[in-house]
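Rule-based calculations on the coordinates, nothing more; no lab input. Not measured: the values here are computed from a predicted model. Cβ atoms come from the backbone with ideal geometry, glycine included; neighbour counts cover every protein chain shown.
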């Protein structure tokens, strides 16, 4: 099915999820504020430690720390695999939030000579359109976002006055002719007693670097409580490879 049609079906499914969820007393509007709301405002740093289990027997480990400034976020991280691949990265994003426009450009550099830039935008108020794009220099990079590195992004979303969010969008490779398209169904809900639930379900469709044809579903679930958080994910073809991956991440804000 063409990827724009999958967005429409995704939007309907996510809307049903939100309509069935209980009410929340949280407040906030944009993604930056949503992340900060899980912990008191003085927590501007976030440490994440992650473990990746590959079906091929390889294991991966990642350590990432980020700091939120008034109008941007900087991060540094390092990734290690037991097969010998290591990569350290550093990045920065600028966050602009106007009355009807959100614009988030970012730049990332990593060892092995990798450089990439992205831009993300939302246009609208509670109901908004989503657009984005990314470009790299095509040097080796193990993408921990698990979407195509060189892409165009289209979709839409809704965010209510409590910060509860639903998104349906597709990230499509528009450079390497792989047909890789990740269609996301994203749901975030604030719960009583400072709990927050996030579910991201992804349809992966396209051709991998080794010619493997992929049409599968991946899912990740995040649970936040005050300054603590944990994420569990299952991906049957991680980064369009033959590997099935289970990943677990946890951390804190401070």
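Determine, at each q value in 0.13, 0.14, 0.21 (inverse angstroms), the log₁₀ of I(q)/I(0) that the Debye formula gives when each Cα of the range 125-242 is one equal point scatterer.
-0.58, -0.66, -1.20
Can you give me the Cα centroid spacing of the range 197-215 and the range 90-140 in angstrom?
21 Å
Among 139, 93, 42, which comes first, second and so on when ranked by fewest other beta-carbon atoms within 10 Å?
With the sparsest Cβ surroundings first, the list reads 42, 139, 93.
So how much slack lies between residue 125 and residue 55, counting 0.36 nm per residue of separation and subtracting their Cα-Cα distance, in nm?
So the extension gain works out to 20.9 nm.
Cut-off 13 Å, label point 7 angstrom out along Cα-to-Cβ of residue 212: give me the residues of the range 41-84 whose amide nitrogen falls inside.
54-58
How long is the gain from residue 44 to residue 232 if the chain were fully straight, where each residue apart is worth 0.36 nm and the alpha carbon distance is subtracted?
Computed gain between residue 44 and residue 232 is 65.3 nm.
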